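Here's the structure we're looking at; comments come further down.
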Amino acid sequence: MSLIGYKPGEKAKCKTCSGIYMPIQLDGMRYFHTCPPIPDKKDAQGNVLTWKNMPDYRDENIKNTTLIAGQKAQIKVEGKGTEPVIAAL
Amino acid sequence: MSLEDAYPEDTGRIRFITGTDPAAGAEISETVPTNAIWELISMRFSMACSADVANRYVGISFDNGTTSYFIQDSNYTAAATYTPSYCASQVQIRSGEAVVSGHIPIPIKNRLKAGYRIRTATTGLQAADNFGAPSFVVREWLVRQS
């Protein structure tokens, strides 16, 4: 789901890490989610694995530090995407 | 513009940010956005400890995306079923015994560049322990890339 459709304060759930966040903060500013490290998973050398090692890692930071005229900013890694969090009634 | 160029002439902008509420068993992790520089002024979060019997030692870590260069533990040891709250800030005037709350000092005038991360680093974290969404106050500079 596109993050553009979220209103300030509405929450999204990252389908990769299950983290819940506000893509548009209450003050209207954009929030850039990145998946946290995976706990208790290490490779053969004992290094802590992170989502960056994984194919579904999500990083919403923009890909290019300089915008190219006529092109929309793209996020770095889509991962599994997001879904809206429906508030309990 | 370099980090040095952005400071001290530009005083930046104070922002209040609600971060990602991680899934159970995962640490809090926030990444400084592209084209931004942050100074972390304060941070508050809670951790709901599961019934698994263990002591949890929660700390704050700064890293450059891969390598930690600052880690500071809190003064509170969290036990099973407790839900302590933690506050990290540049000014810490209280230490010693704490009642279900922890204090974590962080460097004064810290500067975190784009891609740097603010993370919790918890010894003894259990799979069902659950951090709440962290709240941050940061001073932010936006940096134009040349």
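Values as computed for the structure displayed
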{"quantity": "Lone unmet requirement of (1) under 24 Å from B:Val99 (Cβ atoms); (2) modelled with pLDDT of 90 or more; (3) surrounded by 15 or more Cβ atoms within 10 Å (Cβ to Cβ) for B:Tyr82", "calculated": "(3)"}
{"quantity": "Positions within segment B:123-146 being farther than 20 Å from B:Arg15 by Cβ and open to solvent by less than 20 Å² (accessible area, probe 1.4 Å), in sequence order", "calculated": "B:Asp129, B:Phe131"}
{"quantity": "Failed condition for B:Ser101, given (1) hydroxyl-bearing (Ser, Thr, Tyr); (2) modelled with pLDDT under 90; (3) open to solvent by 30 Å² or more (accessible area, probe 1.4 Å)", "calculated": "(3)"}
{"quantity": "Close pairs from segment A:63-76: first more than 14 Å from B:Asn35 (Cα to Cα), partner open to solvent by less than 90 Å² (accessible area, probe 1.4 Å) and at pLDDT below 70, Cβ under 6 Å, at least 6 apart", "calculated": "none"}
{"quantity": "Of residues in segment B:15-31 being modelled with pLDDT under 95 and open to solvent by 20 Å² or more (accessible area, probe 1.4 Å), the one nearest to the other protein chains (Cβ to nearest Cβ)", "calculated": "B:Ala23"}
{"quantity": "Filtered residues of segment B:56-72 (kept if under 15 Å from the mean Cα position of the chain (by Cα) and open to solvent by less than 80 Å² (accessible area, probe 1.4 Å))", "calculated": "B:Val58, B:Gly59, B:Ile60, B:Ser61, B:Phe62, B:Asp63, B:Asn64, B:Gly65, B:Ser68, B:Phe70, B:Gln72"}
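Matching residues to (1) surrounded by 12 or more Cβ atoms within 10 Å (Cβ to Cβ); (2) part of a strand (DSSP E or B); (3) at pLDDT below 70:
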residue: A:Ser18; (1), (2), (3): yes, no, no
residue: A:Gly46; (1), (2), (3): no, no, no
residue: A:Asn61; (1), (2), (3): yes, yes, no
residue: A:Ile86; (1), (2), (3): no, no, no
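Each row is one residue, and each column tells you yes or no for (1) in contact with an Asp or Glu (Cβ under 9 Å, 6 or more places away or on another chain); (2) of a type in the set (S, T, N, Q); (3) over 20 Å from B:Thr20 (Cα atoms).
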| residue | (1), (2), (3) |
| --- | --- |
| B:Thr66 | no, yes, no |
| B:Ala79 | no, no, yes |
| B:Ser85 | no, yes, no |
| B:Leu125 | yes, no, no |
| B:Leu142 | no, no, yes |
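The values are calculated or read from the model by the stated rules, or taken from the named source; none is laboratory data. Predicted model, so just to flag it, every value in this text is computed and none were measured. Because the Cβ atoms are built from the backbone with ideal geometry, glycine has one as well, and the counts that use them run over all protein chains shown. Calculation scope for accessible area: heavy atoms of the full protein, side chains included, ligands and nucleic acids excluded. Shrake-Rupley method; radii C 1.70, N 1.55, O 1.52, S 1.80 Å.
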